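A quick write-up on the structure given underneath.
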Amino acid sequence: MDWYMMNCELLATCSALGYLEGDVYHREPDCLESVKDLIRYLRHEDETRDVRQQLGAAQILQNDLLPILVQYPQDKVLFDAIVRLMVNLTQPALLCFGKVPTDAASRHHFLQVLSYLQAYKEAFASEKVFVVLSEKLYDLLQLDWEQRQEEDTLLIERILLLVRNVLHVPPDPTEEQGVDGDASVHDRVLWALHISGMDDLLKFLASAQVEQQWALHVLEIISLMFRDQNPEELAALGQGPAGAEHGEDTRELETLRQRELAEKRARALQRPSRHSRFGGSYVLQGLKSIGDRDVVFHKGLHNLKSYSHDLGKEPQRVPRRRQAAPESEPSRRSARNVRLFLRHFCQDFLEGCYNRLMLLVKDQLGREKAQQHDETYYLWATAFFMAFNRRRGFRPELVSETVSVRAFHFIEQNLTKYYEMALMDKKEATTWARRMHLALKAYQELLRTVQEMDRSPEQAVRDSSQVIKSNIFYLMEYRELFLALFRKFDETKQPRSFLRDLVETAHLFLRMLERFCRGRASLVVQSKRIRRKKKPRAPAALGPTPPSTEELEELWAGLAPQLQACLEGEVPLPEDVVPFDAASETPVEEQRAEALLRIQGCLRHSQVPQALRLLRSARDVWPEGDVFGAADAGPPEETRLLREILVAPLPRNAPPEPEEPEDEEEEDEEEEEETVQVSEKEFNFLDYLKRFACAPVVRALVLLLRGYPRNSPRTNHCAARLLHRLARDLHMEPLLFQLSLFALFHRLLSDPAAGAHQELVALAKFILGKFFALAATNKKAFVELLFWKNPTAACEMTKGYGSLQEGEGAPRSRVPPWTPQEEQELRELYWKYKEMEGEDVIAAILAHLPTPGRTRRQVVKQLVRMGLASSARDFPRERKGTRIVLWTQEQEEELTRLFEEFQGSDDVLGNILKHLTARRSRARVVEKLLGLGLVSERKELHKKRRRKSHGHGPGTAATGAPAVPAQDSSAEDEDSEEEEEDEEEDEVEEGPMEENWAPEEGAGQGLARCLHQEGLAGPLRWLENCLRRAAGDREEDGVSQPVPLVPLTEENEDAMENRRFQSLLRQLGLRPPASEQESFWRIPAALTPQQLRRASASVAHHGPDPSGSPRDLPEPPQCPPQDPGPEQLPAELGSGSESEEPVPVPVPSPVGTKRRRELDSEDEDGGSSGPGLAPAAPCSEEDEEDEDPQPRGRRKRLRCLEEDEEEEEG
């Protein structure tokens, strides 16, 4: 979109503002309403900030808003609206977009908005604008707090925000390419701010008692004013003669001149006096070319030093993720008059405002009244003004608010927080690194100020510095801070300037600590040690000990009178006790067992009325078998039953096992207990310095010294001094024997201007001399150049390899070496137990290894080192947790969450096993899912198979007969006709089910007839009865609610999983489970009783009923089971429990299949529950499965395998 083609409404609104004629702006009558409309348009702009871009392209702020602001300041309402609009237009682009966009389109819009902001800043570089703003702000500040209205307070805040927004705009590098000393746009804005007197108003806001609420606004504006300034250069301005101010420039020019002269002399010495037309060709012996021959050099000998194998090669491109972090904007020297005005502002601010303002800001930060990350302005002000004060005469009373132990603690806490966030928040690591840099500079200035206080002529100031140093040197956090920053330095996230300040601060801290220790005989410091105490796994928590027989008899004697009173009706029984939940997914058998456990629990807790009510309610729900007594049981029978339940050893769920961490290194699971021990110890400076003798510190120092020509002399001195401490003071010269450092030394010694870096040259000569002296005795020293070394490797280079293992100079290694005899024994044991099936090879080797004390990890490493195994993955450890039987509450919640997450997937159990934290077998997970009531039967967890091919598989013969055993025929292949029907049903299932869809008359009759022929007569009768019952209920109640279809028999559950049966349900208008929260199909509320009766008539079978049982009898809502699990009910309970017989099945189930549990139902058995009646469907299980179009044979076989697995594990 061309932003110069404005929107019509926006163009009309801008035209209604007015027009500029010469220097006079004539506003229109609708000027105020137009300004309000522009504010409204900006409020509703899109994510590309289209309104903002159109207004910027039309230069509305430069041509309309600023002239109105300057010429009509007396119109208070218009002035307020103009300021509101300008605050919105000038807000930073980063606030408009949230962050710097990464995609090209959004980044283009971001840069476009930024360019308009830079144009706005140039327009604000006018004295007239700031004079109007200053006068308005002055008038508002003259009002007392009683006279100041809310509109006045808002206008003060908007003026401050407008000044903040204008100063916040970054410079345009393409437009501002002037040298130091030229006036930039930022300088012109600052000069206009100074001429208008706005700087005096800022100082008043910072020091006034009644204007405390603007403290953070003022501090933010001041930080933006001094954004390009260097505090030390600003403080040195005006001291001594004018030529002294350019001393740094003079020294830099002198260094460049010396480098140029040295290069000229070197070139003059290389060239002979007589020119030769023939350069010659030379063979460089010992330097191989691409082949096996020596390099042939075709240039003069004076060019030999510049030869490299990399000549003519393209430089390798560095990936973006490995590129060095960009440097922040370099400090720029402003015009001299601007710097003089800023220096006077700093002096006045330090003398009258600094301590008070920093106290207010610190208080607001502590009370969390500030916005997020506002503490960065506090850190910047601490570093800037303390450096200015230190360089400008150093008066400690001017910065007393930020020179204290509390200030050290505050900065250390923020520095640690930024450091931790940079490690955790990888995407914003660069932003956290910038904040960490600000905190580090503030910490550095605090240390320099304390060092300057040591040189003060006043004794009280020196005593204060001693108190501060004793506190910061005593605490461990301050001493460990620099080690942590060195070890985690990342050049891709942190710029080189951060490393420079880190090295300078560490050097200053070490020097102050060394001097502090030198003046004392001993120094006691705090030491914190984290002790990780491993304790063996606690034994599994045992459940409560069951009471003995004597205790139960004594308890029954106490319950007998209360039970007698309940049986006689003297004590009322509760009415809200329900033993059965029809909507629960817990199987009926488990609910019956739970009812027994609840009765026993009530008795053992002396809750006799509840126990008696539960017994009678359970007898009504489960009358078969007389488990809870006969229907006409009297008080004596109920008393006997309650006594038997009280003393019966009913099976209870084991208590949950406490979760234990999985240790991959040790055999026994152990628990680590962390405790922090705080103690005091005598401090040794050399021991502390040894902490810096590590590869990360040396690598960071070498990285900083690579830019030694660009570094300041102080930076090079600090880096060289740290390397000298490690090499000379600790006698660890081999720590610096590294090829990258030697390449740096070679470049330094070859530099014509090396005379300006005498300290580095001396260090290079010292290290190189030590290396060649060591190389005369240790020939491996040249190979050691390729690796970064630790103190152990450095010691071994000088004292001999293996000397530390012999006890010379260091503690003995914890891992004893393998002797040749032990290696031979290990080899023999490995070949002996390698081919063992089902055994852990490493465990067998450890059991027969003669040498005690070896761990699994040591044995695996030695096998890999000896070449007997390729890697440690060849010996997988048995995953702990597979034998765990008990479940903790967290593991149950995790299992429930995973089941709800993968409930709709094709392989529910497989997905759960993949994502389960504690590894368990399939059988254990299935048992727990059944126990939690998440599934009612194991078949719900079977993997769903979808057939997509129309033809026969490769395992079928030409006649269509499957080439697999007969028992799996139904699981492998189906008729092509059935496959086509299944695919049609799948297409039906994929479509959305409308809630208000009504079935047509006679819908589903053909499919119901086919299902009846396939042996699903029982489920069809159950569906017919459910539809009729729902129709009757809706006619009787007059209210329609969705009714779930809850199958209580296994036959009905199998039918609900049948695709043909589900297709019939859809044709009848029934709704499948809408989400993972639903488990059952539902009769929608939109179906009328007439529609339900028509659907019931469509399902009804009009042919002869082979079973002879009536179809019109209504099915009861609950069908009590007749075959309870023997492991859940004790056989001795109830008078009829021993005589309970299962319902006979016409054809016995084949061996290896799961025995079908038949439920006794009057509806399905023709209204009779006698054992001699035949079931409703006169077909055996084997016939049903053969006729079932679903591949149920394999499912049946998988069920048998799971049961066998459970029996083996049990």
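Every residue, every condition in (1) of a type outside the set (A, V, I, L, M); (2) in a loop (DSSP other than H, G, I, E, B); (3) in contact with a Phe, Trp or Tyr (Cβ under 6 Å, 6 or more places away or on another chain), yes or no:
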| site | (1), (2), (3) |
| --- | --- |
| Gln903 | yes, yes, no |
| Asn911 | yes, no, yes |
| Thr917 | yes, yes, no |
| Arg920 | yes, yes, no |
| Ala923 | no, no, no |
| Val926 | no, no, no |
| Leu929 | no, no, no |
| Val935 | no, yes, no |
| Glu940 | yes, no, no |
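Annotation note: of Asp172, Asp187, the sole residue that is among the acidic types (Asp, Glu), surrounded by 14 or more Cβ atoms within 10 Å (Cβ to Cβ) and within 42 Å of the chain's Cα centre (by Cα) is Asp172. Within the stretch 742-765, residues that are small (Gly, Ala, Ser) sit with their Cβ atoms under 7 Å from residues that are at pLDDT 90 or above, at 6+ positions apart or across chains, in these pairs: Ala754/Leu748; Ala754/Val761; Ala764/Phe745; Ala764/Leu748; Ala764/Leu749. Being at pLDDT below 80, open to solvent by 40 Å² or more (accessible area, probe 1.4 Å), within 30 Å of Leu929 (Cβ to Cβ) and of a type in the set (Gly, Ala, Ser) is a condition met by at least one residue of the stretch 829-843. Listed conditions (1) in a helix (DSSP H, G or I); (2) open to solvent by less than 10 Å² (accessible area, probe 1.4 Å) are all met by His437, apart from (2). For the subset of the stretch 143-162 comprising residues that are assigned to a helix (DSSP H, G or I), more than 15 Å from Ile82 (Cβ to Cβ) and of a type in the set (A, V, I, L, M), which member is nearest to the chain's Cα centre (by Cα)? Only one residue fits best here, namely Leu160. Selection of the stretch 466-480 for residues being open to solvent by 50 Å² or more (accessible area, probe 1.4 Å) and of a type in the set (A, V, I, L, M, F, W, C) yields Val467, Leu475. Scanning the stretch 326-370 for residues that are touching a Leu at 6+ places or on another chain (Cβ under 8 Å) and either closer than 25 Å to Ser497 by Cβ or free of Cβ contacts under 8 Å to residues at least 60 places away in the same chain (or both) yields Ser334, Val338, Arg339, Leu342, Arg343, Cys346, Leu350, Glu351, Tyr354, Asn355. Count of the stretch 631-650 residues, restricted to those that are more than 20 Å from Ala593 (Cβ to Cβ) and assigned to a loop (DSSP other than H, G, I, E, B), is 4. Within the stretch 771-791, residues that are free of Cβ contacts under 8 Å to residues at least 40 places away in the same chain reach partners that are outside any loop (DSSP other than H, G, I, E, B) and surrounded by 14 or more Cβ atoms within 10 Å (Cβ to Cβ) with beta carbons closer than 7 Å, at six or more positions or on different chains, in the pairs Phe771/Ala781; Ala775/Ala781; Asn778/Met797; Phe782/Ala775.
Meeting the requirement of 3 or more residues that are within 18 Å of Cys14 (Cβ to Cβ) and either in contact with a Leu (Cβ under 8 Å, 6 or more places away or on another chain) or touching a residue at least 60 places away in the same chain (Cβ under 8 Å) (or both), the helices (runs of 4 or more DSSP H) wholly within the stretch 54-128 are 66-71, 76-89, 104-124.
No other residue among Met436, Met421, Met358 is of a type in the set (A, V, I, L, M) and closer than 25 Å to Glu211 by Cβ apart from Met358.
When you look at Ala869, is it in contact (Cβ under 8 Å) with a residue 12 or more places away in the chain, surrounded by 15 or more Cβ atoms within 10 Å (Cβ to Cβ) and of a type outside the set (Val, Ile, Thr), yes or no?
Considered against the rule, which asks whether it is in contact (Cβ under 8 Å) with a residue 12 or more places away in the chain, surrounded by 15 or more Cβ atoms within 10 Å (Cβ to Cβ) and of a type outside the set (Val, Ile, Thr), Ala869 comes out as no.
Of the residues examined, Lys36 is one that is closer than 22 Å to Val166 by Cα, open to solvent by 90 Å² or more (accessible area, probe 1.4 Å) and touching a helix residue (DSSP H, G or I) at 6+ places or on another chain (Cβ under 8 Å).
Looking across the stretch 749-794 at every residue that is within 27 Å of Tyr688 (Cβ to Cβ) and of a type in the set (Asp, Glu), the one that is surrounded by the fewest Cβ atoms within 10 Å (Cβ to Cβ) is identified as Glu759.
Collect the residues in the stretch 398-407 that are touching a helix residue (DSSP H, G or I) at 6+ places or on another chain (Cβ under 8 Å), of a type outside the set (Val, Ile, Thr) and surrounded by fewer than 21 Cβ atoms within 10 Å (Cβ to Cβ), keeping them in residue-number order. Matches in the stretch 398-407: Ser400, Glu401, Ser404. For Gln74, the conditions (1) over 22 Å from Val185 (Cβ atoms); (2) touching a Phe, Trp or Tyr at 6+ places or on another chain (Cβ under 8 Å) all hold with the exception of (2).
Against the conditions (1) modelled with pLDDT under 85; (2) surrounded by fewer than 16 Cβ atoms within 10 Å (Cβ to Cβ), Phe875 satisfies every one except (2).
The values are calculated or read from the model by the stated rules, or taken from the named source; none is laboratory data. None of the values given here were measured: they were computed from a predicted structure. Quick reminder, even Gly has a Cβ in these numbers, built from the backbone with ideal geometry, and neighbours come from all protein chains shown. Ligands, DNA and RNA are stripped out before the accessible areas are found, and what is left, the full protein with its side chains, is counted by its heavy atoms. Shrake-Rupley method; radii C 1.70, N 1.55, O 1.52, S 1.80 Å.
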